[in-house]
Amino acid sequence: ELRDSFARAEIECEGGLSPRVSPFADLRDIGALMQRAGFALPVVDTETITVRYQTPLALFADLRAMGGTNVLIERRKTPLRRKTLLRALEIYAENYSDADGRIRATFECLWVSGWTPHESQQKPLEPGSAKTRLADALNTKEGILE
């Protein structure tokens with residue numbers, strides 16, 4: 001919601017776009033990063049939480065308090081124009097508010113864990129060592145999606 005509101009306002013008011021919201025990580029990429037860091041059996045889970053705020057400025061205060069402000073190195077260094085900020089607030093309220101006027105903000109929480117490698121850990125099976133075909137277990141024909 002916030003990324004969309006700022007992008008639309010900045011394009012409309014300034015004719016261009018600068019990243020204002022930190023990028024989101026793909027779950028598979030996080031698992032791969034855990035493996036590259038030396039962890040075994042990485043597990044990544046996600047939980048989506050929607051929080052309602054009285055105003056977009058209340059959302060901004062929460063983001064600042066939790067360290068969720070823009071940390072991008074390649075962001076624009078000049079301050080945000082007042083006109084652009086006000087337009088972003090309008091767009092947010094127009095598109096992401098409920099009937100009572102409160103706005104919604106969706107947060108995706110990631111839970112990541114991994115283990116230090118050890119010889120006693122479960123190892124992946126050798127390719128082709130399965131005793132049952134997946135198609136048989138799913139009661140379908142191999143290569144045909146129904």
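The values are calculated or read from the model by the stated rules, or taken from the named source; none is laboratory data. Note that the structure is a prediction, hence the values are computed from the model and not measured. Neighbour counts run over all protein chains shown; Cβ positions are idealised from the backbone, glycine included.
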Given the criteria out of contact with any strand residue (DSSP E or B) (no Cβ under 7 Å at 6 or more places or on another chain), aliphatic (A, V, I, L, M), surrounded by 10 or more Cβ atoms within 10 Å (Cβ to Cβ) and more than 25 Å from Val44 (Cβ to Cβ), does Ala135 qualify? yes
May I ask you to list the residues in segment 115-140 that are in contact with a Gly (Cβ under 9 Å, 6 or more places away or on another chain) and in a loop (DSSP other than H, G, I, E, B)? Thr116, Pro117
The number of residues in segment 74-114 that are under 24 Å from the mean Cα position of the chain (by Cα), exposed (fewer than 10 other Cβ atoms within 10 Å of the Cβ), at pLDDT 90 or above and part of a loop (DSSP other than H, G, I, E, B) is 1
Please go through (1) in a loop (DSSP other than H, G, I, E, B); (2) touching a residue at least 24 places away in the same chain (Cβ under 8 Å) for Leu17 and return the number of the only condition it doesn't satisfy. (2)
Return the residues of segment 40-63 that are among the aliphatic types (A, V, I, L, M) and assigned to a strand (DSSP E or B); say none if nothing qualifies. Ala40, Leu41, Val43, Val44, Ile49, Val51
I'm checking my understanding of the structure. Among residues of segment 18-36 that are surrounded by 13 or more Cβ atoms within 10 Å (Cβ to Cβ) and more than 21 Å from Gly114 (Cα to Cα), which one is modelled with the highest pLDDT? Ser18
